[in-house]
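J.: Please find one structure pasted underneath; my questions will follow.
The values are calculated or read from the model by the stated rules, or taken from the named source; none is laboratory data. A quick note: this is a predicted structure, and the numbers were derived from the prediction, not measured. Ideal geometry is used to build each Cβ from the backbone, glycine not excepted, and the neighbour counts take in all protein chains shown.
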Amino acid sequence: MHGPGDVLLSCARTLKDLQLDYLDLYLIHWPFPNFHPPGCAVDSRSPDAKPYIHADFMRTWRQMERMVRMGLVRHIGTSNVTIPKLKLILRDVEIKPACNEMELHPHFQQSELFKYVVENGITPIGYSPLGSPNRPERDRTPEDTSDLDDSVVAGIARRLGIHPAAACLKWGVQRGNVVIPFSTKRRNILDNLRCVTGKPLSAGDMKALSGIDRNCRLIKGQVFLWKEGQSWEDLWDVNGEITPA
């Protein structure tokens, strides 16, 4: 919800639903205001889709900053933004993003963005830390790779007597990012907590895992494209500049 007044209304609804007085963290989930219905096909496109327009994004961010000042949220953050976008955002904000949520797993390490975020005092939050093995079929492409089936990940897990998923989570935490694996099962949630608070990976393990980056983005975001004939890479400014309209 990127429009004028939408942010405050959305936050108020969330607080009411959760029966809370404030939220610890509130994010702009995507830098594009493009609507797509839940469960839509990967080639679904909104007729009102727009590219990243910095002035529009900042109008939304001003509403986020207002909520901090009102005491409704304690921290605000970005998600799925690139270095070119983040440079503009940091130039113009009054309250800096506390975090940036980004896809992070051994096969997609985003080293340049990770370094930029950390150097600017922003906490990196890594989604899909296991390589999103249960993502919907619509989000799969032939070139995708699997972190959990990687021989290096599997070898470390076998030697330590842990699941490959635990090796991926340990790598993320020791690298310095927050990991947010998804589970609805109590057993798995407890296992995730135990694995990141237990014995760490060795320096050799961390080095080995740093060498298996495949630059394999799994969550490509195709539904946010704004015109025909585009590739999902246009969302991610792969040439170092914001993709023009």
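J.: Please pick out the residue among Thr78, Thr82 that is closer than 27 Å to Leu218 by Cβ and in contact with a strand residue (DSSP E or B) (Cβ under 7 Å, 6 or more places away or on another chain). Outline the logic, then answer.
T.: Numbers: Thr82 fails: in contact with a strand residue (DSSP E or B) (Cβ under 7 Å, 6 or more places away or on another chain).
Going through Thr78, Thr82 in turn, just one is closer than 27 Å to Leu218 by Cβ and in contact with a strand residue (DSSP E or B) (Cβ under 7 Å, 6 or more places away or on another chain): Thr78.
J.: Would you confirm, using the coordinates I've provided, whether Pro33 is in a loop (DSSP other than H, G, I, E, B) and either of a type in the set (Phe, Trp, Tyr) or surrounded by fewer than 13 Cβ atoms within 10 Å (Cβ to Cβ) (or both)?
T.: On the way: in a loop (DSSP other than H, G, I, E, B): yes; either of a type in the set (Phe, Trp, Tyr) or surrounded by fewer than 13 Cβ atoms within 10 Å (Cβ to Cβ) (or both): no.
No: the conditions fail for Pro33.
J.: Identify, from the list Ile125, Ile180, the residue that is surrounded by fewer than 17 Cβ atoms within 10 Å (Cβ to Cβ) and within 30 Å of Asp43 (Cα to Cα). Even if it seems obvious, please write down each step before you answer.
T.: Numbers: Ile125 fails: surrounded by fewer than 17 Cβ atoms within 10 Å (Cβ to Cβ).
None of the other options fit; the residue is Ile180.
J.: Counting just the residues of region 141-166 that are in contact (Cβ under 8 Å) with a residue 60 or more places away in the chain, in a loop (DSSP other than H, G, I, E, B) and of a type in the set (Val, Ile, Thr), which one comes out surrounded by the most Cβ atoms within 10 Å (Cβ to Cβ)?
T.: That would be Thr145.
J.: Follow-up question, since we're still on this one. Among the numbered conditions (1) in a helix (DSSP H, G or I); (2) closer than 30 Å to His75 by Cα; (3) β-branched (Val, Ile, Thr), tell me where Ile125 comes up short.
T.: Of everything listed in (1) in a helix (DSSP H, G or I); (2) closer than 30 Å to His75 by Cα; (3) β-branched (Val, Ile, Thr), Ile125 misses just condition (1).
J.: Checking Pro4 against (1) farther than 30 Å from Gly229 by Cβ; (2) outside any helix (DSSP H, G or I); (3) at pLDDT 95 or above, only one condition comes out false. Which one?
T.: (3)
J.: Only one residue in Leu169, Leu209, Leu201 is assigned to a helix (DSSP H, G or I), touching a Phe, Trp or Tyr at 6+ places or on another chain (Cβ under 9 Å) and at pLDDT 95 or above, so which one is that?
T.: Details: Leu169 fails: touching a Phe, Trp or Tyr at 6+ places or on another chain (Cβ under 9 Å); Leu201 fails: assigned to a helix (DSSP H, G or I).
On inspection, the qualifying residue turns out to be Leu209.
J.: For region 80-121: of the residues being without any contact (Cβ under 8 Å) to a residue 40 or more places away in the chain and within 14 Å of the chain's Cα centre (by Cα), which is nearest to Ala208 (Cα to Cα)?
T.: Selected residue: Gln110.
J.: Return only the number of the condition from (1) in a helix (DSSP H, G or I); (2) closer than 23 Å to Lys115 by Cβ; (3) not β-branched (Val, Ile, Thr) that Asn192 does not satisfy.
T.: (2)
J.: Separate question: Could you list, in sequence order, all residues of region 220-233 that are exposed (fewer than 15 other Cβ atoms within 10 Å of the Cβ), part of a loop (DSSP other than H, G, I, E, B) and under 18 Å from the mean Cα position of the chain (by Cα)?
T.: Across region 220-233, there are no qualifying residues.
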